[in-house]
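Read through the structure below, which is laid out as structure tokens, and then see the notes.
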Amino acid sequence: MTLVALINPDWQYDGSIYFGCRSPHLPLELGISQQLLDRAGHKTLLLDAHMFSLSHDEIAAELRTFRPDIIVVTTAPTYLFWRCAPPELRVPQQLTLALRDLAATLIAVGPHGSTTPRAALSKLQVDIVVMGECEKTLVRLANGERDVLGTCYRDGPAVRVNGAPQAAPFVDQPPLQWPAEMIRRHSHHHHRFEATPVGPGAEVEASRGCPYRCTFCAKDNFRNGYRKRPVAAILQEIDHLRSQQVEYFYFIDEIFLPNAELLEGLGSRGLLFGVQTRIDLWRPEMLELLGRAGCVSIEAGVESLTPEGRDQLGKKCRMTTEQLAERLLTARRHVPFVQANLIEVAEDDDAMVQRWREEMRCAGVWANDPVPLYPYPGSPDYRKLWGEPDDHAWERAHDYYLGLFDRFSDVQEQRPIPLRQLEVGVP
């Protein structure tokens, strides 16, 4: 039996370009890993420093009591944000250095190691970096296997990258169960705006991966191929969360595709939930069913308002802008909050974008000020600019982004700081 501690850092975002939500979310990759490790006969401790606001000293005290053989630290705040993680490794870097002497083996999981394993291994000073979806790989490492595919580690003075990023089957993922105290603390309802939360929120994963290849999406090295869990397992997981007084769920799926069986099952439970999807994949009757099932929030990727812009982004969208707008309005008739996500592309005239945003706002659909495109390492956009990512890929993408844009989106609170400054000063 191996003792494994799984740690989600207490995330801080000062000076970051981070586009994602900054509230605590369930660390799904660690929860799934804990479940599989427990079933394999190992003993686990999951510490969510973000949800519980744990300091390094408090984490270390827990670990000294648990005495782990392996410590696992994630480099992104939950699977929901692996595709748009904070580029800087400041927070996990500070944590791994603080915990260096508390276990024989220190392992990092997340998008950074999946895309730039050598750089992540060096910056974090860990023993092993897991490339790709981490759940099955962590079980093999805990079992004591050597030369595990999808890992990067030091082999004497050299660094060895063993194989490519791995993908978990996922379709056999059993229902997750979270500790009651973690759920009680999860007051955040991700991307919910139609009402003030009363009970706890939660995140659920119904599918993983995406069948599309938009140029801006950094999913190729993790969460790539589309897989779908059985509806019965999803509903069982949700029923347990309901028994813990959860009132709102957010499906973290890269793309929540129409699924009548799932929606009908949700509708019979009287739940509220949110999704992220592509509006062009939903027929009007399925949008009506989505609303009846309890959906109160849709985040729809539109990205560009011109066919040329959508083509440049690899959207493979068959609808016109007018048809997309009509489909958004149809969704709004059934769902209280509908958002159209926009990305800043050269093909879109700013005055035209602002007029469209105002027209949508007056019709009840919110569209964000277009977000400057960040060429995440591992995305097609990054490869188009520089080829395959090397050890300096995150710094290169960050410098390019800061040099290209003189203004930033309304989803960012402050001007981002260069990556080298963000990662400087780690003790």
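The values are calculated or read from the model by the stated rules, or taken from the named source; none is laboratory data. It should be emphasised that the depicted structure is a prediction, and the values quoted were computed from it without experimental measurement. For neighbour counting, all protein chains shown are included, and Cβ atoms are generated from backbone atoms with ideal geometry for every residue, glycine included. Surface accessibility is based on the protein's heavy atoms, side chains included, excluding ligands, DNA and RNA. Shrake-Rupley method; radii C 1.70, N 1.55, O 1.52, S 1.80 Å.
Quick rundown of the values:
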{"quantity": "Residue in the range 128-146 that is without any contact (Cβ under 8 Å) to a residue 12 or more places away in the chain and of a type outside the set (K, R) present", "calculated": "yes"}
{"quantity": "Residue that is farthest from G364 (Cα to Cα) [pool: residues in the range 274-304 that are within 18 Å of the chain's Cα centre (by Cα) and aliphatic (A, V, I, L, M)]", "calculated": "V275"}
{"quantity": "In the range 247-270, residue farthest from the chain's Cα centre (by Cα) [restricted to those that are among the hydrophobic types (A, V, I, L, M, F, W, C) and part of a helix (DSSP H, G or I)]", "calculated": "A260"}
{"quantity": "Top-ranked residue in the range 132-179 [being in contact with a strand residue (DSSP E or B) (Cβ under 6 Å, 6 or more places away or on another chain) and polar (S, T, N, Q); ranked as surrounded by the fewest Cβ atoms within 10 Å (Cβ to Cβ)]", "calculated": "N162"}
{"quantity": "Identity of the residue in the range 319-355, of a type in the set (S, T, N, Q) and out of contact with any helix residue (DSSP H, G or I) (no Cβ under 7 Å at 6 or more places or on another chain), that ends up surrounded by the fewest Cβ atoms within 10 Å (Cβ to Cβ)", "calculated": "T320"}
{"quantity": "Cross-chain or 6+ apart pairs with Cβ under 6 Å, the range 18-39 first and over 18 Å from G201 (Cβ atoms) and touching a residue at least 60 places away in the same chain (Cβ under 8 Å), then in a helix (DSSP H, G or I) and open to solvent by 30 Å² or more (accessible area, probe 1.4 Å)", "calculated": "F19/C84"}
{"quantity": "Looking only at the range 108-131, and only at residues there that are in a loop (DSSP other than H, G, I, E, B) and touching a Lys or Arg at 6+ places or on another chain (Cβ under 8 Å), the one that is most open to solvent (accessible area, probe 1.4 Å)", "calculated": "Q125"}
{"quantity": "In the range 304-318, the residues that are of a type outside the set (G, A, S) and either open to solvent by 20 Å² or more (accessible area, probe 1.4 Å) or outside any helix (DSSP H, G or I) (or both)", "calculated": "L305, T306, P307, E308, D311, Q312, L313, K315, K316, C317, R318"}
{"quantity": "Condition met for P86 (touching a strand residue (DSSP E or B) at 6+ places or on another chain (Cβ under 7 Å), in a loop (DSSP other than H, G, I, E, B) and not small (G, A, S))", "calculated": "no"}
{"quantity": "Sole exception among (1) at pLDDT 95 or above; (2) surrounded by 21 or more Cβ atoms within 10 Å (Cβ to Cβ) for G301, by number", "calculated": "(1)"}
{"quantity": "Selection count where residues are touching a helix residue (DSSP H, G or I) at 6+ places or on another chain (Cβ under 8 Å) and assigned to a loop (DSSP other than H, G, I, E, B), scope the range 369-389", "calculated": "9"}
{"quantity": "Test: residue in the range 37-48 that is modelled with pLDDT of 95 or more, crowded, with 22+ Cβ neighbours inside 10 Å and either basic (K, R) or assigned to a helix (DSSP H, G or I) (or both)", "calculated": "yes"}
{"quantity": "Residue list for the range 215-246, restricted to those being over 30 Å from A397 (Cβ atoms), in contact with a strand residue (DSSP E or B) (Cβ under 6 Å, 6 or more places away or on another chain) and not in a helix (DSSP H, G or I)", "calculated": "K228, V246"}
{"quantity": "Which listed residue, of F273, F193, is part of a strand (DSSP E or B), farther than 24 Å from K136 by Cα, of a type in the set (F, W, Y) and out of contact with any Asp or Glu (no Cβ under 8 Å at 6 or more places or on another chain)", "calculated": "F273"}
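Conditions (1) farther than 30 Å from G199 by Cβ; (2) charged (D, E, K, R); (3) touching a Lys or Arg at 6+ places or on another chain (Cβ under 9 Å), marked per residue:
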site	(1), (2), (3)
S268	no, no, no
M319	yes, no, yes
V335	no, no, no
E359	yes, yes, no
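Here is a yes/no grid of residues against (1) part of a helix (DSSP H, G or I); (2) not hydroxyl-bearing (S, T, Y):
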{"site": "I17", "(1), (2)": "no, yes"}
{"site": "S23", "(1), (2)": "no, no"}
{"site": "H50", "(1), (2)": "yes, yes"}
{"site": "T65", "(1), (2)": "yes, no"}
{"site": "V73", "(1), (2)": "no, yes"}
{"site": "A76", "(1), (2)": "no, yes"}
